[in-house]
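Taking it in order: structure first as C-alpha cells, then the write-up.
The values are calculated or read from the model by the stated rules, or taken from the named source; none is laboratory data. Since this is a predicted model, take the numbers as computed values, not measurements. Glycine also receives a Cβ, built like all others from the backbone with ideal geometry; neighbour counts cover every protein chain displayed.
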2 protein chains.
Amino acid sequence: MSETLDIGSLLKHTALFQDFDTDDMAVLARDCRQLRIARHDFVFNRGDRADGFYVVAVGAIKLVLPGPHGQRKVIEFFGPGQCFGEPFMFINQPYAADAQAMEDSLLVWIGKPAIDAALDVHPHLARQMLAGLSSRLHTLMRDIETVKLQSANARLVGYLLSLPRKLDRARFPCSKSLVASKLGLAPATLSRALQQLIRDGLILVEGRDVVIPSTTALQRQLQSG
Amino acid sequence: MSETLDIGSLLKHTALFQDFDTDDMAVLARDCRQLRIARHDFVFNRGDRADGFYVVAVGAIKLVLPGPHGQRKVIEFFGPGQCFGEPFMFINQPYAADAQAMEDSLLVWIGKPAIDAALDVHPHLARQMLAGLSSRLHTLMRDIETVKLQSANARLVGYLLSLPRKLDRARFPCSKSLVASKLGLAPATLSRALQQLIRDGLILVEGRDVVIPSTTALQRQLQSG
DNA sequence: CGGAGCATTGAAGCGTTTCAATGTAGGTGG
DNA sequence: CCACCTACATTGAAACGCTTCAATGCTCCG
C-alpha cells in the first residue's frame, strides 16, 4: 500500500502522468516497480527483453551504444521526470543499447500492459508520448547533422549554446569524457577544442563550469567555423 | 465527393489507418488534401510551419538536412504507405529538414486537427503512430552508431545486407550519390568501398543492381572489418 | 600523503574528403 | 541512327582533421 502510494507520488510530478487522477494512478501502480540503481550499474543491457519502460525519479541515466570494437557512443542522457526505453517496448524488440546510471538513481519501471491499458483510456497520454518520441527523433536528427556535417569545434560550440545557463555561466552535466562521447569526439579532441575557444577569448573553463562572456560572439563561430 | 472517396481509398492501404471504417475515413478526409509532387520538387522546406503531416501513396520522398556549408545529408527515405513529417507536427515546431521528391509522387496531407480528433477516438491509431516513431528512433540510433563507430566499408556492408533481396540480387533504391549521403560518405568513398568489395569477390555491381553470391561471407566482413 | 580517475598535451598515423580529370550511360535533337 | 549533352560514377593525388598512443599534469578523497 505505502509502496503503491509512493510510486503514484513519484509519477505525478512527471509530464506524462500529470492529468492522471488518484484512481488512474492506483491502477497504473499495480504494474509498476520502484528501482534503486547505484552509480555505474546497468538498468538494462542491449539484448534484454523490453517489456516495459522507465521513468527517472531522481538521478541521471545514460543510453550507450556499444560499437563493434569496444568503443561506446552515448546517445542520450535522461534526468528526473524523463522516461526512456519506450521506443524498444513499442516495437516489441529487445533493447539495442545499454542504460547505465551516472549517479545513484531512483527509477520507476512501468510494464507494457499497464501502459497499453492507460493509452486506451487517456488519449492525452498518447499525445504526450507521441510528443516525447517526436522530440527525441528531432534531437537525434540534429545529432546526426552535428556528427556528420560539423567540425569538432562547431559541434562543441553548438553544444555549449544548448546548455542551460545562469548568467554567463554554463555547466557540463557530467565528465568531459562523456560529453565527448555524446558529441562523437575523442576526449583529447574535446580538450583541444576547448583550448581553442579559450585561446580565442570566447569562453573560460573552470572545472565543470564554462563562462561564456558573449553568447553572440560564440554564435558567430557557428557560421564561420 | 469523388475527391474524399479517393483519399479514403489511398489511406485505407496504409498500416496507420487499417482499422478505420468508412465513417471514420469520411471524417478524416475532410481535413486531407491530395498532392502531386514532381520529381525534384520540394514537399516542404526547413522552417515551414508543420500543421500537418504526409502519407506517401505512390513515389519516393527523401528527408534532407542542410548543413552549414551547403553540404546536405539524407536522413530518411520514405516509400508508399509510409508517413513523414509527424515528428515536427507533434512538437509544434517548424520542419527542421527539407522533404524532396525523388520520383513523381502522390501524397496525402493530413491536418493536425484531424489527427488530434482521430487520436481521441482510436487508441489503436495512437499505438500505430507510437510504434512508427519508435521504429524510426531505433533506426536513427543505429544510423548514429553506423556513422560514428563503423568504417566506410562496414557501413556499406551493413547497408547492403539491409537491402531487400531477390535471390542473390539487391538493388539501390536511388542514385549512388544519394546512398552515399544516407551512409554519411562522400560519393567517391562509396565508389571505392564498392570496388574493394568487388576485388574481394564479395559482390558484383551491374549499374543499380548488386549481386551478393554469399550473404554469410558478407556478414563475416562486418565482424572483421 | 598517496593513489585513482580524469584531463591535457605532443607526435605520429590513418581514413575520409576534396579536387580535378576521365569515363560511362541515358536521353534529345539533328 | 548517330552525335551530342548532361548527370552521374570512377579514379588518382594531395590535404585535412580526427584519433590513437603515451607521457604528464591535475584534483579529489580516502
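Considering only segment A:102-110, I want to know if a residue exists there that is farther than 15 Å from A:Phe44 by Cα and in contact with a helix residue (DSSP H, G or I) (Cβ under 6 Å, 6 or more places away or on another chain). There is no residue in segment A:102-110 that is farther than 15 Å from A:Phe44 by Cα and in contact with a helix residue (DSSP H, G or I) (Cβ under 6 Å, 6 or more places away or on another chain). Of the residues screened, B:Lys112 is one that is basic (Lys, Arg) and assigned by TED's automatic domain parsing to the domain that holds B:Met89.
Residue selection: B:Pro213 satisfies the criterion of being assigned to a loop (DSSP other than H, G, I, E, B), more than 14 Å from DNA strand D (Cβ to nearest atom) and farther than 29 Å from A:Gln71 by Cα.
Of note, A:Arg220 satisfies the criterion of being more than 21 Å from B:Gly184 (Cβ to Cβ) and either away from DNA strand D (no atom under 11 Å from the Cβ) or part of a helix (DSSP H, G or I) (or both).
What about A:Ala152, is it more than 11 Å from chain B (Cβ to nearest Cβ), under 21 Å from B:Lys148 (Cα atoms) and surrounded by 19 or more Cβ atoms within 10 Å (Cβ to Cβ)? Considered against the rule, which asks whether it is more than 11 Å from chain B (Cβ to nearest Cβ), under 21 Å from B:Lys148 (Cα atoms) and surrounded by 19 or more Cβ atoms within 10 Å (Cβ to Cβ), A:Ala152 comes out as no. Exactly one residue out of A:Asp41, A:Asp120, A:Asp116 is of a type in the set (Asp, Glu), over 13 Å from the mean Cα position of the chain (by Cα) and either away from chain B (no Cβ under 14 Å) or closer than 29 Å to B:Leu149 by Cα (or both), and it is A:Asp41.
For segment A:131-143, the count of residues that are facing chain B (nearest Cβ under 9 Å), crowded, with 21+ Cβ neighbours inside 10 Å and among the charged types (D, E, K, R) is nonzero. When the residues of segment A:50-83 are filtered to those that are in contact with a Phe, Trp or Tyr (Cβ under 8 Å, 6 or more places away or on another chain) and within 11 Å of chain B (Cβ to nearest Cβ), the one that is nearest to A:Leu140 (Cα to Cα) is A:Glu76.
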